[in-house]
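So the structure is just underneath, and the comments pick up after that.
The values are calculated or read from the model by the stated rules, or taken from the named source; none is laboratory data. Not measured: the values here are computed from a predicted model. Glycine gets a Cβ as well: all are built from the backbone with ideal geometry, and neighbour counts include every protein chain shown. Note: areas computed on protein heavy atoms with side chains; ligands, DNA, RNA excluded. Shrake-Rupley method; radii C 1.70, N 1.55, O 1.52, S 1.80 Å.
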Amino acid sequence: MALIGDTIRLIVRFRNFSGNLVNPIDVKLRILDGDSFEEIESITVTDENKTDVGVYEYDYVVPEGDSKFLVYEYSGTYNDKPVLTRGSFHRAFIN
C-alpha cells in the first residue's frame with residue numbers, strides 16, 4: 001500500500017521474446033485511475049530514468065483521489081513493435 005503524498009519508485013524491465021532485456025525507444029509512463037482506467041498523468045521517461053539495459057525507474061508522488069488503487073503502464077517501441085507492461089498499487093490516507 002502506498003500512502004497519499006508519499007514517493008514510490010515504479011520500476012520496469014523490458015524484455016524481448018527470448019527473455020533478454022532490451023532498450024525500447026519512446027518510453028512513456030502512464031498513471032491510470034484503477035476504477036475507470038482514465039488517464040491521470042502521462043510522463044515521458046528519459047535515459048536519466050534508465051538504470052541498466054532495459055531497466056527504467058521513476059519516482060512518483062502518490063496523488064490524492066477517490067480511487068483505492070492506481071494502475072501504472074510503461075510502454076515503448078522495440079524493433080518497430082509496441083512493448084507494454086502494467087502494474088498497480090493501492091493508495092490510502094492514514095492519519
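Residues considered: ASP66, ASP6, ASP52. Of these, the only one that is more than 30 Å from ILE94 (Cβ to Cβ) and of a type in the set (D, E, K, R) is ASP52. Looking at segment 1-40 only, could you name the residues that are of a type in the set (Asp, Glu), open to solvent by less than 100 Å² (accessible area, probe 1.4 Å) and in contact with a Leu (Cβ under 8 Å, 6 or more places away or on another chain)? Hits for segment 1-40 are ASP33, GLU39.
With respect to GLU48, determine if the residue is of a type in the set (Asp, Glu), touching a residue at least 40 places away in the same chain (Cβ under 8 Å) and outside any strand (DSSP E or B). Give the steps one after another, and end with the answer.
Numbers: of a type in the set (Asp, Glu): yes; touching a residue at least 40 places away in the same chain (Cβ under 8 Å): no; outside any strand (DSSP E or B): yes.
It is false that GLU48 is of a type in the set (Asp, Glu), touching a residue at least 40 places away in the same chain (Cβ under 8 Å) and outside any strand (DSSP E or B).
Scan segment 70-78 and tell me whether some residue there is more than 14 Å from the chain's Cα centre (by Cα) and more than 20 Å from MET1 (Cβ to Cβ). Talk me through it step by step, then tell me what you get.
Here is the first cut: in segment 70-78, the residues more than 14 Å from the chain's Cα centre (by Cα) are 77-78.
Right, trim to more than 20 Å from MET1 (Cβ to Cβ) and you get 77-78.
Yes, some residue in segment 70-78 is more than 14 Å from the chain's Cα centre (by Cα) and more than 20 Å from MET1 (Cβ to Cβ).
For segment 57-86, give me each residue that is farther than 15 Å from ILE31 by Cβ and either touching a helix residue (DSSP H, G or I) at 6+ places or on another chain (Cβ under 7 Å) or part of a strand (DSSP E or B) (or both). Within segment 57-86, GLY76, THR77, TYR78, LYS81, PRO82, VAL83 meet the criteria.
Against the numbered list (1) open to solvent by 30 Å² or more (accessible area, probe 1.4 Å); (2) in a strand (DSSP E or B); (3) among the hydrophobic types (A, V, I, L, M, F, W, C), ILE94 comes up short only at (2).
Counting the residues of segment 64-83 that are surrounded by 13 or more Cβ atoms within 10 Å (Cβ to Cβ) and not hydroxyl-bearing (Ser, Thr, Tyr) gives 7.
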